[in-house]
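Beneath this line is the structure, given in structure tokens, with notes to follow.
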Amino acid sequence: MAEPRSERRAEVVLDAAEVRSPDGRVILHPISLSLTEHRIGIIGPNGSGKSTLARLVNGLVEASSGRVLVDGVDVARHGAAVRRRVGFCFTDPAAQVVMPTCVEDVELSLRKSIKDRVRRREAALRILERFGLGERADVSVHVLSGGQRQLLALAGVLATEPDLVIADEPTTLLDLRNTRLVAETLFGLDQQLILLTHDLDLVRRCDRVLLIEGGQVAFDGSAEAAVAQYEATV
Amino acid sequence: MSVPARAGWATRLPVGAKVLALLALSITTVALRGVPAAVILVAITLTLALVTRVPGRMLLRTLRGIVLFAVAVAALQWWWTGPGRAIESLLDLTTLALLGLLLTATTPVGDMLEAFVRWAGPLRHAGVDPERVGLVISMAIQSIPATITLARETRDAARSRGLAGSPRALLTPFVIRIVARAHETGAALQARGIGD
């Protein structure tokens, strides 16, 4: 794995991007914005469209109309290329961690980039060390704590060296100790971060925060102002 | 749970040799008739599990998982054809489950994945992506423990609502959860750029 560069960023542009369900219901109203900040938070009630918005960015959800560009690359046309630059961390690591041991799971992410098995394993072990999971390399993923499993999921994502990491409520299922562990790891990354969360303390650490309500951007600005507006609506 | 035991000489054997041995023993188990043959095959498989140092807990968990299903099949066989076929079915199913465990417990998934990708290599000429074939087969093997966990959770949920005897209350949420989990895993793999 390459040495971390400082503040790796990508420019995400949504150009009137809209998402509708197959029956025509609007899930996300047309949104136009540009995301360039290092730490971007997305907050909002359940079902407001936060996850849909995040999934648009790496092509897990396709825009019904409009465009989504990552550094000028159209996600709809070049989804695979965009996903190499945009890592995605899910709420429940159980769906994301698919191999029986920690090292095998990270190795899976490295299959494309490192063909030699010995080198691949060495690289995977180095990544696990970085996430404090070096001693758990050959341990079954089923015996990891919730926080360790989320860190492993993150390690699997970062193994592909993305420039942007999207984390969809990564601390929702964790206790306080593991929440802090995962949060410190996320905010310690040199990669650009888009963080979807219900944790208002976490979101206060972001440079810019979007408040999503009813499939629309209800507020876009500083963390303090976004949190104040969100709390006023609850 | 198919977590490789990672100990013993069997882990170092080529995956191909193990898969061929598994196939040969499985075919023999199905082809040979009679209780004595079934007893011998169970004994051989249990001996193999011991000499390959499959952890006892893993062995017990597999046996516990198969026993309910095997007993149900055996009960039906008893009803239809008598005790001989019933005992044979029970033993044969146990042998097959143990053989599956032997392969997964002594073979790291990475090795299995490499082997399947290699074997599927010639299919590249027919437009098939060997990497994807290997991944699908490995994922299918890995999904077995997760599926068993989902089945247990669904059964417990039905019990807690007093619906333990309702096939609808068991099967409907189970199938929905299996499909949802498959969808989530697919999205997670896609998000990691695997299979792109």
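Read-outs throughout are calculated quantities, based only on the coordinates presented, and are distinct from any laboratory measurement. Bear in mind that the values here come from a model prediction, so they are computed numbers and not experimental data. Note: ideal-geometry Cβ built from the backbone for every residue, glycine included; neighbour counts use all protein chains shown.
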Inset, instruction - Taking every pair of Cα atoms in the protein assembly as shown, average 1/r, invert it to obtain the Kirkwood radius, and report Rg/Rh to two decimals. - result: 1.03
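From the Cα trace of region B:24-64, what convex hull volume per residue do you get, rounded to a whole Å³?
Hull volume over Cα atoms, normalised by residue count, gives 74 Å³.
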Inset, instruction - Sticking to Cα atoms, compute the Rg of region A:97-146 to one decimal and its Dmax as the biggest Cα-Cα distance, whole number, in Å. - result: 10.3, 31
Inset, instruction - Would you mind giving the mean number of other chain beta-carbons within 10 Å of the Cβ of each residue in A:85-97, as a whole number? - result: 4
Legend entry - Equivalent ellipsoid semi-axes, chain B, via Cα gyration tensor eigenvalues times 5, rooted, Å: 29, 26, 16
Inset, instruction - Straight distance only, please: which aspartates and glutamates reach the Cα of A:Lys112 with their own Cα at less than 17 Å, same-chain residues fewer than 8 apart left out? - result: A:Glu104, A:Glu122, A:Glu161, B:Asp111, B:Glu114, B:Asp129, B:Glu131, B:Asp196
Inset, instruction - Between the alpha-carbon centers of region B:79-129 and region A:173-200, tell me the distance in whole angstrom. - result: 41 Å
Legend entry - Calculated log₁₀ intensity ratio I(q)/I(0) where the Debye formula runs over C-alpha points of region B:106-154, q = 0.12, 0.19, 0.22 Å⁻¹: -0.33, -0.63, -0.73
Inset, instruction - Partner chain Cβ atoms within 10 Å, averaged over the residues of B:100-108 - can you pull that number for me? - result: 1
Inset, instruction - Could you estimate the translational diffusion coefficient of region B:44-157 from the Stokes-Einstein equation, with Rh from the Kirkwood formula over C-alpha pairs, at 4 °C and 1.567 mPa s, in whole µm²/s? - result: 79 µm²/s
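Quick check on packing: order B:101-107, A:179-185 by the mean number of other C-beta atoms within 10 Å, highest mean leading. Intermediate results must be reported in sequence, preceding the final value.
Numbers: B:101-107: 23.1, A:179-185: 18.6.
Going by the mean number of other Cβ atoms within 10 Å, highest first, we get B:101-107, A:179-185.
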Inset, instruction - Determine by what factor the alpha-carbon radius of gyration of region B:1-108 differs from 2.2 N^0.38 Å, reporting the quotient. - result: 1.09
Inset, instruction - For region A:89-202, state the average projected area of the convex hull of the C-alpha atoms over all orientations, rounded to one decimal in nm². - result: 6.5 nm²
Legend entry - Two-decimal Rg to Rh for region A:1-74 - Kirkwood Rh, Cα set: 1.03
Legend entry - Estimated dipole of chain B in Debye, rounded to 20 [Cβ of Lys and Arg +1, of Asp and Glu -1, Cα centre]: 440 debye
Inset, instruction - Please work out the Kirkwood hydrodynamic radius for region A:164-230, using every pair of different C-alpha atoms, and report it in angstroms with one decimal place. - result: 12.5 Å
Inset, instruction - Quick one: grab Rg to one decimal and Dmax as a whole number for region A:1-154, Cα atoms only, in Å. - result: 17.8, 50
